[in-house]
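Have a look at the structure below before the remarks.
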Amino acid sequence: LVLDMKKVTDDETRKTSKVAASGVANIGLLAWRDSTFARVYSKTVPHATPTRTLGFFATRDMLTMYATFYMAPVAAEYLEKEHGWGTNAAELSTALAIPAAMQIITAPLHIHAMDFYAKPVVDSTSERWAVIKKEFKTVSFARSFRILPAFGIGSFSNNKFRELFIKQENEELLLSRRITRAYTQSFGA
């Protein structure tokens, strides 16, 4: 909203600003939320969340946001230009697939963060890898499925609403025409 009020039109500036604002708001809150879940659902006595755990949660979320705001649009543009995909098909496909696919990379970070909270000290790194291997399929599937509404559908829808209402040459004329058209279609005036 602030970017639109300030009439920032450069796409790279908009993306960078969105990721920065989203990062500040979401990453800290999500890391805090997940550390709370770790305390509640861990089989160990609740204790302060280690910095390493918080760092892995934050890294996991930064990678997911990077996939959503940077990788998906670049891939959509590639599909359009190099393979002749339609804009909506390319944007929707990449908005759904890329953030979900990123969970293959972020699931081990999530599992390690939870395991480190539960067991800060282990005998060997192979013990950590065993936990990651054991939980990987379940966690990566669940996280991929969980990402779809907010980062997939939400990202695509948000971009389409921006195109529809904000990113236009003559915004007031466009909006008044759309409101008039919607009114006449609904009420037959």
query = On the given criteria, is Asp34 closer than 25 Å to Ser155 by Cα, open to solvent by less than 40 Å² (accessible area, probe 1.4 Å) and either among the basic types (Lys, Arg) or at pLDDT 85 or above (or both)?
reply = yes
Criterion (over 11 Å from Tyr117 (Cβ atoms), in a helix (DSSP H, G or I) and at pLDDT 85 or above) met by exactly one of Leu3, Leu29 = Leu29
request  = Return only the number of the condition from (1) free of Cβ contacts under 8 Å to residues at least 40 places away in the same chain; (2) of a type in the set (Val, Ile, Thr); (3) closer than 17 Å to Asp61 by Cα that Val19 does not satisfy.
outcome  = (1)
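Filtering the stretch 42-71 down to residues that are within 24 Å of Ala150 (Cα to Cα) and open to solvent by 70 Å² or more (accessible area, probe 1.4 Å), which residue is farthest from the chain's Cα centre (by Cα)? Give the steps one after another, and end with the answer.
Within the stretch 42-71, the first condition is being within 24 Å of Ala150 (Cα to Cα), and the residues that meet it are 53-71.
Now drop any that are not open to solvent by 70 Å² or more (accessible area, probe 1.4 Å), which leaves 62, 66, 71.
Numbers: Met62: 8, Tyr66: 7, Met71: 11 Å.
Only one residue tops the list, namely Met71.
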ask   = Restricting the search to the stretch 83-105, which residues are within 13 Å of Met71 (Cβ to Cβ) and in contact (Cβ under 8 Å) with a residue 60 or more places away in the chain?
value = Glu91, Ala95, Leu96
remark   = With the first residue restricted to the stretch 25-51 and required to be closer than 10 Å to Asp61 by Cβ, and the second required to be open to solvent by 70 Å² or more (accessible area, probe 1.4 Å) and among the aliphatic types (A, V, I, L, M), Cβ contacts under 6 Å at 6 or more apart or on different chains are none
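The values are calculated or read from the model by the stated rules, or taken from the named source; none is laboratory data. Keep in mind it's a predicted model, so treat the numbers as computed, not measured. Quick reminder, even Gly has a Cβ in these numbers, built from the backbone with ideal geometry, and neighbours come from all protein chains shown. With ligands, DNA and RNA removed, areas are computed over all heavy atoms of the protein, side chains included. Shrake-Rupley method; radii C 1.70, N 1.55, O 1.52, S 1.80 Å.
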